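Participant: Quick one: structure below, then a few questions.
The values are calculated or read from the model by the stated rules, or taken from the named source; none is laboratory data. The structure displayed is predicted, hence computed values, not measured ones. We place every Cβ from the backbone using ideal geometry, glycine too, and count neighbours over all the protein chains shown. With ligands, DNA and RNA removed, areas are computed over all heavy atoms of the protein, side chains included. Shrake-Rupley method; radii C 1.70, N 1.55, O 1.52, S 1.80 Å.
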Amino acid sequence: MAPTILMRPTKKDWQRQSQSESEDDDMVGRKELMPLVMSQVGQHFVPLVITMVGLPARGKTILAYKIQQYLNWTNHKAKVFSVSSYRRKHIESYSSHDLFRKENSEAAEIRQLSAQEAQDDATKWLQDGGDVAILDGTHITQARRQTVYDHFAKVMGYKVLFIECVCEDEMLIERNVKEVLQFSKDYRNMSSEKALDDFHHKIEHYMEQYEPMKPKTDGYSYIKFLNAGESLTVCRLNSPMQSEVLAFVSNVKPLSKTFYFSRHGESENNVLGRIGGDADLSVRGRTYAAALARYFNNEERLEGLRVWTSELKRTHQTAQGIKALVEPVPALNELYAGVCEGLSYEEMQSKFPQEFAWRDQDKLQYRYPWGESYIDIMTRLKPVLLELEGDIDNLLIISHQAVLRCLLGYFLNKKHEELPYINVPLHTIIKLTISGYKCKMEVIKLNIECVDTYRKQPKNCSISRSVDDALLTVPAHFENLSLWNHSPIVQL
């Protein structure tokens, strides 16, 4: 059953609509106005500059890149400008914490130059069409923050939001320090003991100069992010984009976590090469479900495990042997193919050749008649992503190819146009280990035979293409469900 979601029509919807409507004068006039109206609605009035504030090892960089990841996913152009990266261009080899002493005037000039370069590049990037620039640095003095505000707000006319990361939890600080030492280029060639001592001295130098923000008197738009999201303080937010950032930051808990993703076991529709529907698992799909249960019923993996499925029965059947809490999540339902639900690619080409060609031309934005697009899935997955960015851990998501492509694409920072072609094979567990803003992926293939449902984009996507060209990359499938009789695979 299709989710009830109101979506803005895509270009293909307008094309289909224009073919079926009468071309009277009134309608022609409306059509001429549509592109103008839609383009005006889609524009952002004023760019936003997010300025991170706080001592080292307070989680600024992690939060900055998390915000960038989420905003890019939601179709905003966001980019982090790291002051430290600019500083390393001037000082290639980091030697010691003396670089951050207040009395070191030469180093202070380099740090000041680096901050200015980050600011200049952020300005140019926003002028070239960016939506949100994120300045990742300490910005620990009121004078430095005022310089940023004066340039972006008063000179450029942009919105400015300060996010101050404060950490009073010593265990959190210790964890953050370990992550900095693990990933920072400054300590790559330094022993762990020396690096730890050096970094603590660096923090002390910054503490001597740190001027905490005073939101009641500073007059800035401001969010205080305390103890990795334990609590927030908010002042003077004054734009929709700032509110969207707040909604995300309110959900973020930048902790290490592990997620598992799996498609349902092979379904009867997979065997027959049919898309969508609510089919049962095949014989081999049920074998995979049993193997998946054995994998996760391991005592170490089972502890604290949660399982999310879609509402479709093939995911429920896949999860039924796992001894953990199983929760159906409607947003995890497969992309609804509208009038093409249950059709094979061959049948779709035969009945709707123009739709099939449009789908190949732009699989990301293509919406099935009375169905959904990948963009629609991304929209309904936003609450799921916010939940995953929270304090949830050890979670198995059993869902569908298009949905898992979108979820994996988010965590792996894939471009939107890459999402429809991420390969998520059947009978495979994908494990993501998230630490800070880094993500490690492992692929665990369970040795149970199944069909391959992956279809590459054909080279010829023209509406006038031949049937052979249209079906060139359609994956092989069986003609019937009698797998035990070794039915021949249809090769196209």
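Participant: Tell me the net charge near residue 386. Cut-off is 15 Å between Cβ atoms, residue 386 excluded, with +1 for each Lys or Arg and -1 for each Asp or Glu.
Facilitator: On the way: positive: 66, 253, 257, 380, 382; negative: 244, 387, 389, 391.
That works out to +1.
Participant: Then there's this: Taking 2.2 N^0.38 Å as the expected size of a compact globular protein, what ratio does the Cα radius of gyration of region 48-250 give against it, to two decimals? It would help to have the intermediate numbers written out before the result.
Facilitator: Values: Rg = 16.4 Å, N = 203, 2.2 N^0.38 = 16.6 Å.
In units of the globular-protein estimate, region 48-250 measures up at 0.99.
Participant: Can you tell me how much longer the chain between residue 301 and residue 391 gets when fully stretched, taken as 0.36 nm per residue apart minus their C-alpha distance, in nm with one decimal? Can you show the working numbers first?
Facilitator: Numbers: separation 90, 0.36 × 90 = 32.40 nm, distance 1.77 nm.
The span from residue 301 to residue 391 would gain 30.6 nm if fully extended.
Participant: I would also like to ask the following. Averaging over all projection directions, find the projected area of the Cα convex hull of region 347-477 and quote it in nm² with one decimal place.
Facilitator: 9.3
Participant: Along region 272-280, what does the Karplus equation 6.51 cos²θ - 1.76 cosθ + 1.60 (θ = phi - 60°) give for ³J(HN,Hα), rounded to whole Hz, x for Gly and Pro?
Facilitator: 8, x, 9, 9, x, x, 10, 7, 6
Participant: I would also like to ask the following. Could you provide, to the nearest whole Å², the per residue accessible area of the chain with probe 1.4 Å?
Facilitator: Values: 23830 Å² over 492 residues.
Accessible area per residue: 48 Å².
Participant: Rounded to the nearest 0.05, what FRET efficiency do residue 207 and residue 416 give with R0 = 41 Å and r taken as the Cβ-Cβ distance? Could you check?
Facilitator: On the way: r = 42 Å, r/R0 = 1.02.
With a Förster radius of 41 Å, E is 0.45.
Participant: Within region 175-250, list the chymotrypsin sites (Phe, Trp or Tyr not before Pro) lying in a DSSP loop whose Cβ has at most 15 other Cβ atoms in a 10 Å radius.
Facilitator: On the way: sites: 183, 187, 199, 206, 210, 220, 222, 225, 248; in loops: 210, 220.
Those satisfying the criteria are 210.
Participant: Give the residue list of trypsin sites (Lys or Arg not before Pro) in region 85-153 that are DSSP loop and have at most 16 other beta-carbon atoms within 10 angstrom.
Facilitator: Working: sites: 87, 88, 89, 101, 102, 111, 124, 144, 145; in loops: 101, 102.
Answer in residue order: 102.
Participant: Below 8 Å, C-alpha to C-alpha, sequence gap of six or more: please give me the relative contact order for region 48-250 in percent.
Facilitator: On the way: 293 pairs, mean separation 64.3, N = 203.
32 percent.
Participant: What is the local net charge at residue 377, summed over the other residues whose Cβ is closer than 13 Å to its Cβ (Lys, Arg +1; Asp, Glu -1)? Show your work: numbers first, answer last.
Facilitator: Values: positive: 363, 367, 380, 382, 405; negative: 334, 372, 376.
Charge balance in the 13 Å sphere: +2.
Participant: Quick one: which residues, 5+ away or cross-chain, put their amide H under 5 Å from the amide H of residue 82? H built at 1.01 Å from N.
Facilitator: 136
Participant: For the chain, what is Rg from Cα atoms divided by 2.2 N^0.38 Å, rounded to two decimals? Walk me through the intermediate numbers first.
Facilitator: Details: Rg = 26.2 Å, N = 492, 2.2 N^0.38 = 23.2 Å.
Normalised Rg, Cα atoms only: 1.13.
Participant: Count charges around residue 65 for me, please; just the other residues with Cβ under 11 Å from its Cβ, Lys/Arg as +1, Asp/Glu as -1.
Facilitator: Around residue 65, the surrounding residues sum to +3.
Participant: Quick check: Cα centre of region 194-256 to Cα centre of region 423-468, how many Å?
Facilitator: Cα centres, region 194-256 to region 423-468: 38 Å.
Participant: Mind listing the long-range amide H neighbours of residue 267? Cut-off is under 5 Å, sequence gap 5 or more, other chains count too, H placed in the peptide plane at 1.01 Å from N.
Facilitator: 282
Participant: Roughly what percent of Cα-Cα pairs across region 257-480 reach past 23 Å? Show your work: numbers first, answer last.
Facilitator: Values: 11574 of 24976 pairs.
Summing the P(r) of region 257-480 above 23 Å gives 46 percent of all pairs.
Participant: On to the next question. Could you tell me the center-to-center distance, by alpha carbons, between region 58-117 and region 298-370 in angstrom?
Facilitator: 42
Participant: Of all GluC sites (Glu not before Pro) in region 111-214, which ones are in loop regions per DSSP and have a Cβ with at most 14 other Cβ atoms within 10 Å? Please list the in-between numbers first.
Facilitator: Values: sites: 117, 164, 168, 170, 174, 179, 193, 204, 208; in loops: 168.
Here the sparse-neighbourhood loop sites are 168.
Participant: Which value in deg cm²/dmol, rounded to the nearest 500, describes the helix-derived mean residue ellipticity at 222 nm for the chain, given -39,500 (n - 2.57) per DSSP H run of n ≥ 4 and division by the residue count? Mind showing how you got there, number by number?
Facilitator: On the way: 20 runs with 204 residues, N = 492.
Calculated mean residue ellipticity at 222 nm is -12500 deg cm²/dmol.
Participant: Something else: For the pair residue 127 and residue 185, what calculated FRET efficiency results from E = 1/(1 + (r/R0)^6), where r is the Cβ-Cβ distance and R0 = 25 Å, to the nearest 0.05?
Facilitator: Working: r = 29 Å, r/R0 = 1.16.
About 0.30, to the nearest 0.05.
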